[in-house]
Amino acid sequence: MNEKDAEEQYINFDEYIRQGEPSRREAAYAWSTAIGLQAVDGLKTSEYLHETARKNIEGEITIDEARELIKSYYQSKSKREAEDDEMEEADRVSANIVKVLSQPTFAFNANGYISVHRRIFEGVFKHAGQLRTYDITKKEWVLRDNTVNYLNWEDLRRALEYDISQEVVFDHTQLSIEDFVRHICQFVSNLWQIHAFREGNTRATAVFTIQYLRSLGFSVDNDLFARHSWYFRNALVRANYSNYQQKIVRDTSFLEKFFRNLLMGEDNELRNRYMLINPPKELKSAPTSTPTSTPTSSGQDIFHTDNPLILNLVKVIGNNPCSIKEMLERVGLKDRKNFLEYHLTPAIREGFVSLLHPDKPRHPRQKYLLTVKGTLLFNELTKK
């Protein structure tokens, strides 16, 4: 798939996103991401899928009804066209991804990662959610048909458990925003290099990454995974390929540009052709982007907020979880209702603050603490 095909795969849901209605906006983001991710394996979705997606976004049908409609659509076809098998995969996987992204639950462990693969390829691959039982190689366009050295199959589960367990205990609290982006790039890159499944590794990794970032407080609600999913895959390839005879080393810079755009609202140019190894003469001078610390028209800096009440609350909480009573005292307020409405609730909604006991909102010893996103903002606000 070339860059033009990848762009054509993207479906424009801006009309719903601009409306501002939360349920439609979230559904539109989920569908655009799910459809765009099919480009990583050269797949295109059908017009029937697009129409079904719009019905779901409009609230006419549930996501489960959408999945059943797509399943029935292909089962009822009396004549199969040559492209139907691949299009059915793209359609059903897209709907499954939307289902996964619409659910708040998330298990950040090896079983959770395997579960993501099973859920998004349910009804598509017989081996959905099963670790591969053989070693693999894959010819990559960006490597001129060379392959990344993927992990041998005997060590797959052990590697998944190790990488994710290391991330679970990793201390994000001392990181700058730039350090956090580099760290996330390395974690996602290592996870993808394991290539735990026969097929669908990039799509599973992307969905798992979105869920993980959400658990850290990031909304990740923009169209980068939709528009640039093929770039995302090629960047993962370059981050995991080295050839010392050709003096090629692993290069995470392309992946970092993707995540800086995603999380920091920068406008780095994302072009697949600049990742091609041993490029022809006309591509050797790939343009270099000038990163900016402020959001551009193509993205929103989701680390920051211009709400002074949230900024103050982040500084008040800092590294010490607080009760509502403690926060009221520190911000100098007595009106609990006003504080909840204008300070705490927006900070939670925007992903800067979370509950110590999220499953029990009325817990008698409930406290509030900064998310990883909130901690990174705190570090920026308090650094000298």
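Here, each number is a calculation from the coordinates, and none is a lab measurement. Values in this document were obtained by computation on a predicted structure and should not be read as measured data. We place every Cβ from the backbone using ideal geometry, glycine too, and count neighbours over all the protein chains shown.
Odds and ends about this structure:
- Neighbour-limited loop hits for GluC sites (Glu not before Pro), segment 77-123 (at most 13 other Cβ within 10 Å; DSSP other than H, G, I, E, B): E81, E83
- Selection of trypsin sites (Lys or Arg not before Pro), segment 81-146, meeting DSSP coil and at most 13 other Cβ within 10 Å: K126, K138, K139, R144
- Applying the Karplus relation 6.51 cos²θ - 1.76 cosθ + 1.60 with θ = phi - 60° to segment 317-330 yields 3J(HN,Hα) values of 6, x, 9, 10, x, 10, 7, 4, 4, 5, 5, 4, 5, 6 Hz, where x marks Gly and Pro.
- What the phi angles of segment 203-220 give under the Karplus curve with 6.51, -1.76 and 1.60, with θ = phi - 60°, is a coupling list of 5, 5, 5, 4, 5, 4, 5, 4, 4, 5, 4, 4, 5, 8, x, 8, 6, 6 Hz, glycine and proline written as x.
- Farthest positive-ward along the chain dipole, Cα basis, beta-carbon charges - from V331, Y212, W141: V331
- Semi-axis lengths, largest first, of the ellipsoid equivalent to segment 106-303 are 26, 23, 15 Å, with √(5λ) applied to each eigenvalue of the Cα gyration tensor.
- Contact order relative to length of the chain, as percent, for alpha carbon pairs under 8 angstrom and 6 or more apart: 15
- Charge dipole (debye, nearest 20) of the chain; +1 at Cβ of Lys and Arg, -1 at Cβ of Asp and Glu: 1040
- Taken about its Cα centre, segment 106-303 carries a charge dipole of about 760 debye when Lys and Arg each add +1 at the Cβ and Asp and Glu each add -1 at the Cβ.
- Cα-based Rg of the chain normalised by 2.2 N^0.38 Å, two decimals: 1.04
- Cα centre as origin, Lys/Arg/Asp/Glu Cβ charges: segment 45-191 dipole, Debye: 320
- Nonlocal amide H pairs with N146, under 5 Å, H built at 1.01 Å: E140
- Cα-based radius of gyration for segment 313-384, normalised by 2.2 N^0.38 Å, reads 1.05.
- Between 0 and 90°, nearest 10: helix 22-37 axis offset from the chain longest Cα axis: 30
- Phi-derived couplings, Karplus 6.51 cos²θ - 1.76 cosθ + 1.60 at θ = phi - 60°, listed residue by residue for segment 92-109: 6, 5, 4, 5, 5, 5, 4, 4, 5, 5, 7, 9, x, 6, 7, 9, 8, 7 Hz, with x used for Gly and Pro.
- For segment 187-274, the spread of Cα positions along the three principal axes, ordered from largest to smallest, is 42, 32, 20 Å.
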